[in-house]
Amino acid sequence: MSHVTGVTSNIRIKKTIDDIWPLTAKRVLVRVDFNVPIQNGHITNDYRIRATIPTIQRIIDQGGICILLSHLGRPAGISMTTAVRDVRRRYHEAHFHDNKGKTAFFSVLPPEEKIKILAQSSLREEATHIMPGVKSGKTILFARLPEDEKKQLLMQYLDEKKDNGLPQLSVSAGYEEQYSLRPVAVRLAELLGQHVYFAHDCMDAKMELSRLKRGNVMLLENVRFYREEDSKKEEEREAMAKVLASYGDIFVSDAFGTAHRDSATMTGIPKVLGHGAAGYLMEKEISYFSKVLGNPPRPLVAIVGGSKVSDKIQLLDNMLQRIDYLLIGGAMAYTFLKAQGHRIGTSMCEEDRLDLARSLLKKAEDRKVQVLLPVDHVCHTEFKAVDTPVVTADADIPDGHMALDIGPKTIANYVETIGKCKSAIWNGPMGVFEMTPYSKGTFAVAKAMGDCTQKNGLMSIIGGGDSASAAEQSGEATRMSHVSTGGGASLELLEGKTLPGVAILDDKE
């Protein structure tokens, strides 16, 4: 077993929301990571939303006004200047005296705005029977109105909006419905047990924000609808950050999942405001990674999987300075096995990384890190699920077969090793766990970590991404010490990198 000395974590402990007082009547901007999977308007995994509840609840309980910012997916987005030009153009078109464009303009308004307009129309009685959701007939009803009435209703709507600068972003070219955070606002309201206000344009929300009272919560629309959020030009990020910073008095970051990004909302806002604190989720992430990378209970095991050695070079190089055991699984294991002279059939292999694999194994040997590789495999001739896959007798994989999971002997070895340890960090699955016949290895590792955490006090950390998904699917996530919400962010920390979204926050004195 290795004897690691002199290795420290480069993560500094940060001020938290508990260090900010009082919050009463303060407008608290909270950058969260609500980048959750949504299918047909339904959130399929709300873990990231649930993880932020303690921070939001703290602000509510203290009488603060909670203003949430997040991204969702990767919309194309538009620039701030394009958005302004686009809305001005349509504002002008709405005043034309011909009959073009009025129904089209109405069709892309938010559902609740459509309801308000129809409630003032000559068809208001019919409008009362329309459901408030999307695609319930509101635009069809509006199209039946006389052209003069359409114009009058839209003019009135635009006049009401002019004090708020510009109409909502959802009327403009940058809006993409599949990336709207509206379903998240609905789910968050259910979790909090109170109404969550929703601002349709993150860059034009002052009017909505002015109506908020103590204890209220508002979620702003997707910040990535504007390209400035992730612009490579600092001046563009700063321009967006200045607008958003004007909404609040205090900045709190609870978005560990995007802490590796130097963006307008992650680093720009705290730069403008001159301060930043960690929310409870961010604090927990920083605390656990600081422990495992600094002075963890020993022995420490790293379980590393995934498809490519090249994706994990920096992680392995950094962690070999810190760990006692290394368990390797997933497709990356076959590159290591071939480097040792084993037959790997048609399994995935990075031929150009064989020398690298040998050098990493030599480095582990020099540092007295015990490396465990698969000694048997679950295989098939094709990349597909079958009822009876082939289980090899040893580490060699037959010709014409590809390994898709670790075998039962390997599982036993890995479970035994985890049982010897006091700390464990896991990044990357052991096989193609999305297919049931090849999920046993990944789920067995998850169960071993859960069992040892509950029975032996193992400090267990799941490094986000596919490992976190596997822990959730196996039902073991709640038995771990910590399941990270950040795949890319946790990977960069394990590689020894500094995260911009963490570094920008105020250090605890």
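Of these, G487, G464, G441, which one is on the phi > 0 side of the Ramachandran plot and outside the structural domain of S253 (by TED's automatic domain parsing)?
The conditions single out G464.
With respect to the numbered conditions (1) in a helix (DSSP H, G or I); (2) farther than 23 Å from T410 by Cα; (3) not aliphatic (A, V, I, L, M), which one is the sole condition not fulfilled by E365? Among (1) in a helix (DSSP H, G or I); (2) farther than 23 Å from T410 by Cα; (3) not aliphatic (A, V, I, L, M), E365 violates only (2). Evaluate segment 170-180: report whether one residue or more is at pLDDT below 80, in a helix (DSSP H, G or I) and either under 21 Å from H200 (Cα atoms) or touching a Pro at 6+ places or on another chain (Cβ under 7 Å) (or both). Yes, segment 170-180 contains at least one residue that is at pLDDT below 80, in a helix (DSSP H, G or I) and either under 21 Å from H200 (Cα atoms) or touching a Pro at 6+ places or on another chain (Cβ under 7 Å) (or both).
Of all residues in segment 309-337, none satisfies the criterion of being at positive phi and in contact with an Asp or Glu (Cβ under 8 Å, 6 or more places away or on another chain). When R58 is tested against (1) of a type in the set (K, R); (2) surrounded by fewer than 22 Cβ atoms within 10 Å (Cβ to Cβ); (3) under 18 Å from the mean Cα position of the chain (by Cα), just one condition goes unmet, and that condition is (3). Could you check, for segment 324-345, whether at least one of its residues is closer than 24 Å to K497 by Cα, touching a helix residue (DSSP H, G or I) at 6+ places or on another chain (Cβ under 8 Å) and not aliphatic (A, V, I, L, M)? Scanning segment 324-345, I find at least one residue that is closer than 24 Å to K497 by Cα, touching a helix residue (DSSP H, G or I) at 6+ places or on another chain (Cβ under 8 Å) and not aliphatic (A, V, I, L, M), so the answer is yes.
Just one of the listed residues (G486, G431, G463, G457) is of a type outside the set (A, V, I, L, M), crowded, with 23+ Cβ neighbours inside 10 Å and within 19 Å of P297 (Cα to Cα), and it is G463. Has segment 251-261 got at least one residue that is in contact with a helix residue (DSSP H, G or I) (Cβ under 8 Å, 6 or more places away or on another chain), among the hydroxyl-bearing types (S, T, Y) and buried (at least 24 other Cβ atoms within 10 Å of the Cβ)? Yes, that holds for at least one residue. The set of residues from segment 472-481 being within 15 Å of Y438 (Cα to Cα) and either at pLDDT 95 or above or surrounded by 23 or more Cβ atoms within 10 Å (Cβ to Cβ) (or both) is empty. For segment 190-223, the set of residues classified as within 15 Å of R31 (Cα to Cα), outside any helix (DSSP H, G or I) and touching a Cys at 6+ places or on another chain (Cβ under 8 Å) consists of V217, M218, L220, E221, N222, listed by residue number.
Assess whether K447 counts as being out of contact with any strand residue (DSSP E or B) (no Cβ under 9 Å at 6 or more places or on another chain), closer than 30 Å to H260 by Cα and either in contact (Cβ under 8 Å) with a residue 24 or more places away in the chain or of a type in the set (A, V, I, L, M, F, W, C) (or both). Yes.
Rundown of residues vs (1) outside the structural domain of V36 (by TED's automatic domain parsing); (2) touching a helix residue (DSSP H, G or I) at 6+ places or on another chain (Cβ under 8 Å); (3) under 22 Å from S107 (Cβ atoms); (4) at pLDDT 80 or above, yes/no style:
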residue: P146; (1), (2), (3), (4): yes, no, yes, yes
residue: D159; (1), (2), (3), (4): yes, no, yes, no
residue: D163; (1), (2), (3), (4): yes, yes, no, no
residue: L166; (1), (2), (3), (4): yes, yes, yes, no
residue: L188; (1), (2), (3), (4): no, yes, no, yes
residue: Q194; (1), (2), (3), (4): no, yes, no, yes
residue: D204; (1), (2), (3), (4): no, yes, yes, yes
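Residue-level analysis places H275 among those that are assigned to a loop (DSSP other than H, G, I, E, B) and under 13 Å from I17 (Cβ atoms). You will find that of S307, S290, the residue that is more than 20 Å from V369 (Cα to Cα), touching a residue at least 24 places away in the same chain (Cβ under 8 Å) and part of a helix (DSSP H, G or I) is S290 and no other. For segment 414-439, which residues satisfy the criterion of being out of contact with any helix residue (DSSP H, G or I) (no Cβ under 7 Å at 6 or more places or on another chain), farther than 17 Å from S460 by Cβ and in contact (Cβ under 8 Å) with a residue 60 or more places away in the chain? The answer is Y438, and nothing else. Among the residues of segment 301-320, the ones that are surrounded by fewer than 23 Cβ atoms within 10 Å (Cβ to Cβ) and in contact with a Lys or Arg (Cβ under 7 Å, 6 or more places away or on another chain) come to 3 in all.
The set of residues in segment 381-407 being modelled with pLDDT of 95 or more and either part of a strand (DSSP E or B) or over 19 Å from A331 (Cβ atoms) (or both) consists of V390, V391, A393, I397, M402, A403, L404, D405, I406. Taken over segment 262-282, the criterion of being surrounded by fewer than 22 Cβ atoms within 10 Å (Cβ to Cβ) and in contact (Cβ under 8 Å) with a residue 12 or more places away in the chain is satisfied by D262, K271, V272, L273, H275, Y280.
The values are calculated or read from the model by the stated rules, or taken from the named source; none is laboratory data. Computed from a predicted structure; not experimentally measured. Using ideal geometry, Cβ is built from the backbone for each residue, glycine included, and neighbour counts are taken over all protein chains shown.
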